[in-house]
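Written below as structure tokens is the structure these notes are about.
Each reported figure results from applying straightforward, stated rules to the coordinates on display, with no laboratory input. What you are looking at is a predicted structure, and each value in this text was computed from that prediction instead of being measured. Every residue, glycine among them, receives a Cβ derived from its backbone with ideal geometry; neighbour counts consider all protein chains shown.
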Amino acid sequence: LPPNRFRFPDPRNAPPSGFVAAGGNLAPETIVGAYRAGLFPWPHDGVDTLWWSPDPRAILPPERFHVSRRLARRVRQGRFRVTLDAAFAQVIAACAVRPEGTWITPGIMRAYLRLHTLGWAHSFEVWNPEGALVGGLYGLRVGPLFGAESMFHRATDASKIALLALCRFAPRDGIALIDVQLPTPHLDSLGAEAIPRAEYLRRIAAAGL
């Protein structure tokens, strides 16, 4: 990628809500540069180029992913097939369909589709026995960091199976840190932990991002 021509403010000075800056663009080098700086784009009110670094930050250590008895049973049944990067456009489009509205704007969708074409953005897909896409997630890979952006399901536990696939794939492919951005009760139940922003920034710096 060409050098990122925008310099982001120091996220350590941002409020706990995480808002760091507005402006720039959604070029691949800008988004990758944001992740390297501990930021991510999160549109609000029709503005795509808003950059955030919340405090605390939610991460999911791959080894801590919680497999419930029900999820373990579904995995053992072998009804679902999981793929990597087989249907990125379908996954991000499905993630954008939410009754409460979505932050995945057309601009964000185009930006991540381009990042996928360039080999930076990836998806995990979950398919049912009939060959229908019933779950998945997508995110951005920057060295040992995977920034999980969004996931969806059309069948019970399908998004959890996609996240489990990511956690199993991570150590085999050199992913040491899965960033899930904002703490939520659902992510907490799956093994995510909230860490101070300063600790998150320390970890990505130590990883050489």
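The angle separating the long axis of helix 158-169 from the principal Cα axis of greatest extent in the chain is about 70 degrees.
To the nearest whole percent, what portion of all C-alpha pairs in the range 11-55 is separated by more than 18 angstrom? Provide the component values of the computation, followed by the final result.
On the way: 189 of 990 pairs.
Taking all Cα-Cα pairs of the range 11-55, the fraction more than 18 Å apart is 19 percent.
A Gaussian network model of the chain, with springs between Cα atoms under 10 Å, assigns the largest mean-square fluctuation among HIS116, HIS186, HIS153 to HIS186.
Note on the chain: with charges restricted to the Cβ of Lys and Arg (+1) and Asp and Glu (-1), its dipole about the Cα centre is near 580 debye.
Site pair ARG154 and PHE19 shows an inter-label distance of 3.7 nm when each label is modelled 7 Å from Cα along Cα→Cβ.
Order by neighbour count: ASP10, ASP157, fewest other Cβ atoms within 10 Å first, most last.
Details: ASP10 12, ASP157 19.
In increasing order of surrounding Cβ atoms, one gets ASP10, ASP157.
DSSP bridge analysis restricted to the range 133-185 gives an antiparallel fraction near 75%, rounded to the nearest 5. Between ALA93 and ARG64, the simple spin-label model (points 7 angstrom out along Cα→Cβ) gives 3.6 nm. The Cα atoms of the range 47-169 cover 43, 32, 31 Å along the three principal axes, with the biggest extent listed first. Peptides 73-81, 171-179 ranked from most to least packed by the mean count of surrounding Cβ atoms within 10 Å: 171-179, 73-81. Distance between the 7 Å Cα→Cβ label points at ALA198 and ALA72: 3.9 nm.
For the chain, build the convex hull from the C-alpha positions and give me its volume per residue in Å³.
Details: hull volume 24.7 nm³, N = 209.
For the chain, the hull spanned by Cα atoms encloses 118 Å³ per residue.
For the peptides 11-17, 144-150, the ranking by packing is 144-150, 11-17, with the highest mean count of neighbouring Cβ atoms within 10 Å listed first.
Using the number of other C-beta atoms within 10 angstrom as an exposure proxy, rank MET151, MET109 with the fewest first. List each step's numbers first, then the result.
Numbers: MET151 23, MET109 16.
Fewest-to-most Cβ neighbours within 10 Å comes out as MET109, MET151.
I'd like the FRET efficiency for ALA206 and ARG12, computed as 1/(1 + (r/R0)^6) with the beta carbon distance as r and R0 of 22 Å, rounded to 0.05. The value I calculate is 0.90.
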